[in-house]
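Read through the structure below, which is laid out as structure tokens, and then see the notes.
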Amino acid sequence: MLNRILAPLSAAWKEATDSQVWTSIFRHGKPVSNRNRALVMMSNVFLHLHPVKSRKAGIKLRYTWCMGGITFFLFLVLTFTGLLLMFYYRPTVEYAYADIVDLQEHVPLGIMRELHRWGAHAMVITVWLHMLRVFMTGSYKPPREFNWGIGVVLLVLTLLLSFTGYLLPWDQLAIWAIAVGSNMARATPLLGTEGPLSASLTLGDISLINAGNDARFALLGARSVGQPTLLRFYVLHCVGLPLAAAFLMAVHFWRVRKDGGISGPM
Amino acid sequence: MIDLFKDLVNWASGPTVLFTIATLGLLAAFRFTQVWSKTSAKVFFAVLAVFYTASMWDPDFFLIVAKPDNIPITGVIFLVFFFTWFAMHQGIRNDRRSEGGTEVLEKEEAEKVWVWPDLVYTEMLAMVLLSIVLLVWSILLAAPLEQPANPADSPNPSKAPWYFLGLQEMLVYFDPWLAGVVFPTLIIVGLMAIPYIDTNPKGNGYFTFKERKAEIVIFLFGFLILWCLLVVSGTFLRGPNWNFFGPYEYWDVHRVEPLLNVNVSDFFWVKLLGRPLPTGGFFAALMREWLGILMVGAYLFVLPVVMSWPKERFPTGLKWLSCHHYFEKMGATRYYIGVSLFLMMMSLPIKMYLRWAFNLKYIVAFPEIFFNI
Ligand code: HEM
């Protein structure tokens, strides 16, 4: 019985994989021989992030937890769902909130916002866990010191991506979370109005640092969370930070390979 | 009976008790490493899951924990516990192996295998599973959307996004310039500095505890207690006016907690000498704060030097302070950077306990120029 269903399926699969279309995309045979297993890794632009062969311990789930990979996958999911959200969302005080309501109520299959938000939360957690794994296996030790540093920057970028995105729905949750977070910038030493020593930056008796030009102002583009902040955070969230993160991920993955692949005992 | 239990849990979640229990528990787990076994993990997670599920019947607990944006915190609790256990478990197992003369597991599996299919299939499976989890999560739980932004109406409590609540919790003990600017910078710099400070060549590329005790204890104390615990308690246990509320307590906006905090200068001038604080001008302010300045200066600049001395120079009872062997091993530069970063990190728990024990507000206070420590 089962055979009756499976036999035609596998015949169809064979038909498809022998077709001219398939063989033009995948320029090697099926990865059943060792030669083809090597070719598949080398001729596919995505798979070639990987080596052809790897130490057994290093690719075990119990060693890497696949956490870096999961983080990267979440980043891809967020890029894709974020792109769809951008079709509907306008970063202005007038429209932002209404667009989010529309997204959830009038857009067919409207779970893009959910996928994006929960995916972002999940990514913050998986970055932490990835760092925990890298620390606990001592993988930051030579020759991987620099890649750990790249990782720390990626961690910061992940948090900043999440933080800038938090403002965009423009609801009470959003603006007050950003207000609380950015209030701290007011206390930057030298550069914030309420920071230590900033009062000593004066020209004659004019104080150089005030609420209209301090570190918090630079962050918000205004004296309080408003339209300029929304635009600023939107641009950072959708363009600036993702580009920086993608760029550093490229370096990160490159270095994983160049530092000798996944770490292992000498 | 249930009320008694709830009172007990509420009491044990108070900042003082929770922080102390968690720290002592972690230290005990490092001392008695047999607790990282599979059996104790099963018991631990069973208890945690039962506690969590049963608590859902409490309306106050449910209200906070089931908030859509607080779901990740539940994830943090279970995942961080699990993966810490998983890493330590493998570390202890490797330590046993090397004590018994066998090689660590990672070394035994040194042969090379084909990445297709061994790794590629695992990754594919991870992607599929994660996609399913995300889809189910997104279908079941709508993303939160509150009232439209209203700059005139600030909610109480106003909270930063959950992953920054550790920093917001620090605001209880430090001024924003430290909690919001200096400490985050030091965390980033400190993390990046780890590979250059840690010169221990062992434990590179495999799980172990025995060969890297100091590194692991310090890192996990920072990550688990000073970061994750503060994030969790900042989300679940801090209510209106950032007051503490137990997990089964109602978030009462009108609860007032008396703030009777005093500065080191008050202790010295008013309580000890029975005099008013010196006033008038820069030098009076310096005189007012001299003791605090001395304390901070001694902590940051003298203590590292003292700690580098050999054991013989310490009186009995203080010998544990000596980090001479690290000084020898690491060299002066690494040692001073490492110890300074460590002392900065420890300033958080120190300030916490000073607050809890003496209601201490500032060690050094120059409110005139916003320079308070
Ligand atoms: C957006 C964030 C990040 C992404 C997408 C990412 C991705 C990855 C991936 C895919 C790997 C391969 C091995 C594995 O999956 O564990 C890896 C390895 C590594 N990551 Fe990350 N990572 C990120 C953040 C970090 C952070 C925060 C750190 C540390 C602070 C870090 C340090 C490292 C190091 C040192 C390795 C080499 C580990 C080894 O050879 O065993 N990464 N990363």
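Here, each number is a calculation from the coordinates, and none is a lab measurement. Just so we're clear, the structure is a prediction, and the values are computed from it rather than from any experiment. Using ideal geometry, Cβ is built from the backbone for each residue, glycine included, and neighbour counts are taken over all protein chains shown.
For the stretch A:195-204, putting each phi into the Karplus relation 6.51 cos²θ - 1.76 cosθ + 1.60 with θ = phi - 60° gives couplings of x, x, 6, 5, 5, 7, 7, 9, 10, x Hz, in residue order, rounded to whole numbers and with x for Gly and Pro. Taking a straight Cα-Cα cut-off under 20 Å and skipping sequence neighbours fewer than 8 places away in the same chain, the aspartates and glutamates within cross-link reach of B:K202 are A:E145, A:D259, B:D95, B:E99, B:E103, B:E106, B:E108, B:E109, B:E211, B:E215, B:E328.
Quick one: grab the alpha carbon gyration tensor of the stretch B:29-94, order the square roots of its eigenvalues as a ≥ b ≥ c, and give me rounded if a/c is under 1.5, else prolate or oblate depending on whether a/b is larger than b/c.
Working: a/c = 3.72, a/b = 2.17, b/c = 1.71.
Judged from the Cα gyration tensor, the stretch B:29-94 comes out prolate (a/c at least 1.5, a/b above b/c).
The amide H of A:D171, built 1.01 Å from its N in the peptide plane, has B:A149 as neighbours under 5 Å, considering only residues 5 or more places off or on other chains.
Centre-to-centre, using Cα atoms only, the stretch B:195-239 and the stretch A:232-260 are separated by 25 Å.
Can you tell which of B:L63, B:N10, B:Q34 lies farthest toward the positive end of the dipole of the stretch B:1-67, using +1 and -1 charges on the Cβ of basic and acidic side chains (Lys, Arg; Asp, Glu)? Farthest towards the positive pole: B:Q34. Scanning chain A for long hydrophobic helices, with DSSP H runs required to stretch 30 angstrom or more by C-alpha along their axis and to average at least -0.5 on the Kyte-Doolittle scale, returns A:67-88, A:112-136, A:145-167. Of all the options A:A16, A:A57, A:A185, the one that moves most in a Gaussian network model of chain A with Cα springs shorter than 10 angstrom is A:A16. For the residues of B:181-190, the average number of beta carbons from a partner chain within 10 Å of their own beta carbon is 3. Dipole magnitude for chain A: about 1780 debye, using +1 per Lys or Arg Cβ and -1 per Asp or Glu Cβ, origin at the Cα centre. Of A:H116, A:A174, A:T202, which is farthest towards the positive pole of the stretch A:57-258's charge dipole, taken about the Cα centre with +1 and -1 on the beta-carbons of Lys, Arg and Asp, Glu respectively? Towards the positive end, the residue furthest out is A:H116.
Treating only the Cβ of Lys, Arg, Asp and Glu as charged (+1, +1, -1, -1), what charge dipole size does the stretch B:264-372 show about its Cα centre? Round to the nearest 20 debye. Present the calculation step by step, with values, prior to reporting the outcome.
Numbers: 11 positive and 5 negative charges, 49 e Å.
The dipole magnitude comes to about 240 debye.
Given a 10 angstrom Cα cut-off, can you work out which residue in B:G239, B:G280, B:G180 is the most mobile in a GNM of chain B? Between B:G239, B:G280, B:G180, it is B:G280 that shows the largest mean-square fluctuation.
Round to a whole angstrom and tell me the spacing of the C-alpha centers of the stretch B:256-310 and the stretch B:36-66. The stretch B:256-310 and the stretch B:36-66 have Cα centres spaced 44 Å from each other.
Would you please classify the overall shape of the stretch A:57-258 from the alpha carbon gyration tensor, given that a ≥ b ≥ c denote the square roots of the eigenvalues, rounded means a/c under 1.5, and beyond that prolate means a/b larger than b/c while oblate covers the rest? Judged from the Cα gyration tensor, the stretch A:57-258 comes out oblate (a/c at least 1.5, b/c at or above a/b). Here's the picture: charge each Lys and Arg Cβ at +1 and each Asp and Glu Cβ at -1 in the stretch A:57-258, and of A:T193, A:T79, A:Y97 the one pushed furthest to the positive end of that dipole is A:T79. Here B:T316, A:T164 are placed in order of increasing Cβ neighbour count within 10 Å, fewest first, which gives B:T316, A:T164.
When only Cα pairs below 8 angstrom with a gap of at least 6 residues are kept, chain B shows a relative contact order of 21 percent.
Shielding by partners for peptide B:134-141, expressed as the average number of C-beta atoms from other protein chains within 10 Å of each residue's C-beta, is 5. Note on chain A: GNM, Cα springs under 10 Å; of A:P169, A:P143, A:P242, the largest mean-square fluctuation is that of A:P143.
Looking at chain A, how many pairs of lysines come closer than 18 Å at the Cα, when each pair is eight or more places apart or spans two chains? Taking the Cα cut-off of 18 Å, the pair count is 4.
From other protein chains only, count the Cβ atoms within 10 Å of every residue's Cβ in B:219-225, then give the mean. Before the final figure, lay out each step's value.
Details: counts 4, 3, 0, 0, 4, 1, 0.
For peptide B:219-225, the averaged partner shielding equals 2.
Might you report the magnitude of the Cβ-based charge dipole of the stretch B:139-259 about its Cα centre, with Lys and Arg at +1 and Asp and Glu at -1, to the nearest 20 debye?
Details: 7 positive and 10 negative charges, 99 e Å.
Dipole magnitude for the stretch B:139-259 comes out near 480 debye.
Taking each of B:K67/B:K351; B:K112/B:K329; B:K210/B:K319; B:K210/B:K351 in turn, the alpha-carbon distance tops 25 angstrom for B:K67/B:K351; B:K112/B:K329; B:K210/B:K351.
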